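Just so it is clear, none of the values below were taken in a lab; they were calculated from the coordinates. Keep in mind that this is a model prediction, so the values were computed, not measured. Please note: Cβ atoms are built from the backbone with ideal geometry, for glycine as well, and neighbour counts cover all protein chains shown.
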């Protein structure tokens, strides 16, 4: 027998399948992205570190120049576009200047103030110091980029006069910026202008919310102060009435020579008021007219009898196509609201406040409020329950509305305003006569009827105390 023994060569395959290639590309893409992000962050940190070193060097250089000049000329000035204005003390140093170093644009801010050191007493203290301008304190701040606190380098120095200290004249202006709790607001920017004396400076409060400026030129209610801080509702002073249209609470500051002149301004964190207009069933109602007045009290209108408060916000506006309106960055306080729309009747605000038409805003807390409006063109019943003896609303009263012939039977409890509304959900109430029974602890029950015919019916029920 003739046989053959033939061996077939093995066939081997090499390379990637499509799935393997896609997995490889996916891993490569993620690795590359992570590397690029790390590289970008590292590069940004290196650039910021370089900018900070440059800012610190520039601040130190500026400080060394200041320390080398004559003591009497150490003070600030600024060109306001038409004339030179000065700090306290006045001098030859530019308050603000732009400096370019290695393509980086820096903003240099110099602030100089007299210091009434407690070592030899203070003006008005015990012991008292008849010359409160003991020496000068200098702060040079250099900022770059967005000019925020994290992109600012500052250096400080004290400079003493040559020989015996002499009076710079004027008085000590002490500005205190407090929040509503009475705590000092640190880091608040205060712009101080006294046009009569050529004073125009901007500085910031210390950790206690204070700015003390010995050597301030004397003047009666001619120091205009404007206070601001990120996230806060700003404040400012006004000239006295009748120069101002109303009698302001925060009048311009005065400085009497040779004494301490304190000035206190209250400000606090801002809040947003988010207002919505809806019906009782939660459906948005667009384009509703709104009048709102309240917030920070600026002063008193002397032309009204009795004099009425003047508020920081007074506006007539309307909700948008979604039934929303935002009043951004408002002050703490109370806001009176008037809401109106053709075919609608204002019902109440929710969440409920002490007064049906008043929004209570807490500093730093956004107020999300809904104004509930009743459609006057649908079959419905509003019960308003009051105490017959004094007209006050009766909260927690049980209101039972029923009609045997129409197959309707529902009970609601009055809210803090004494209101109850029917129906709880659409459809509207069918036309007909409904029986209404109202009862509340401590009061005699009341029975009445409500005749519904395709429109809102309001029943006013005055309960008699037992």
Exercise. When each pair of different Cα atoms in the stretch 157-248 is counted once in the 1/r mean, what is the Kirkwood radius in angstroms, to one decimal?
Worked result: 15.0 Å
Seminar exercise, completed: For the stretch 62-156 (alpha-carbon point model, no solvent) the Debye-based log₁₀ I(q)/I(0) at q = 0.12, 0.14, 0.21, 0.24 Å⁻¹ works out to -0.49, -0.63, -1.06, -1.19
Seminar exercise, completed: Once both label points are put 7 Å beyond Cα along the C-beta direction, the residue 395-residue 186 separation in nm becomes 4.0 nm
Seminar exercise, completed: Rounded to two decimals, the Rg over Rh value of the stretch 77-116 from Cα coordinates and the Kirkwood Rh reads 1.08
Exercise. What do you get for Rg/Rh of the stretch 246-367 when both radii come from the Cα atoms and Rh is the Kirkwood radius?
Worked result: 1.10
Exercise. When ranked by the protection proxy of mean other Cβ atoms within 10 Å per residue, highest first, what sequence do the peptides 175-188, 298-311 form?
Worked result: 175-188, 298-311
Exercise. Which FRET efficiency value, to the nearest 0.05, do you get for residue 72 and residue 328 by plugging their Cβ-Cβ distance into 1/(1 + (r/R0)^6) with R0 = 51 Å?
Worked result: 0.60
Exercise. For the stretch 71-266, what is Rg from Cα atoms divided by 2.2 N^0.38 Å, rounded to two decimals?
Worked result: 1.05
Exercise. The stretch 351-391 to the stretch 304-346: how many Å between their Cα centroids?
Worked result: 14 Å
Problem set entry | Largest-first principal axis extents, alpha carbons of the stretch 249-320, Å | 67, 32, 17
For this session: Determine the percent antiparallel among the DSSP beta bridges restricted to the stretch 53-106, to the nearest 5.
Result: 65 percent
For this session: Place the peptides 155-166, 211-222 in order of packing, highest mean first, counting for every residue the other Cβ atoms within 10 Å and averaging per peptide.
Result: 211-222, 155-166
Problem set entry | Mean separation of Cα contacts under 8 Å (6+ apart) over length of the chain, as relative contact order % | 9 percent
Exercise. Average projected area of the Cα convex hull of the stretch 377-466, in nm²?
Worked result: 5.3 nm²
Problem set entry | Residues listed by number, the stretch 291-316, amide nitrogen under 11 Å from residue 338 label point at 7 Å toward C-beta | 291-293, 315-316
Exercise. In Å and whole numbers, how far do the C-alpha atoms of the chain stretch along each principal axis, longest first?
Worked result: 134, 102, 42
Problem set entry | Cα radius of gyration and Dmax for the stretch 400-444 (Å) | 11.8, 35
For this session: Beta carbons within 10 angstrom, averaged per residue: use that to sort the peptides 321-328, 224-231, 26-33, highest first.
Result: 224-231, 321-328, 26-33
Exercise. Using the C-alpha gyration tensor of the stretch 337-431, what are the square roots of 5 times its eigenvalues, in whole angstrom, with the largest one first?
Worked result: 27, 18, 12
For this session: Report the relative contact order of the stretch 71-266, percent, no decimals, based on alpha-carbon pairs under 8 angstrom and at least 6 residues apart.
Result: 19 percent
Exercise. How large is log10 I(q)/I(0) at q = 0.15, 0.17 Å⁻¹ when the Debye formula is applied to the Cα atoms of the stretch 268-310, each weighted equally and without solvent?
Worked result: -0.65, -0.74
Exercise. Using the beta-carbon distance between residue 444 and residue 283 and R0 = 41 Å, what value does 1/(1 + (r/R0)^6) give for FRET efficiency, to the nearest 0.05?
Worked result: 0.65
Problem set entry | Span from the the stretch 415-431 Cα centroid across to the the stretch 265-279 one, whole angstrom | 29 Å
For this session: With a Förster radius of 51 Å, plug the Cβ-Cβ distance of residue 157 and residue 274 into 1/(1 + (r/R0)^6) and report the FRET value to the nearest 0.05.
Result: 0.60
Seminar exercise, completed: Computed over the stretch 296-440, the relative contact order (Cα-Cα under 8 Å, seq sep at least six) in percent reads 16 percent
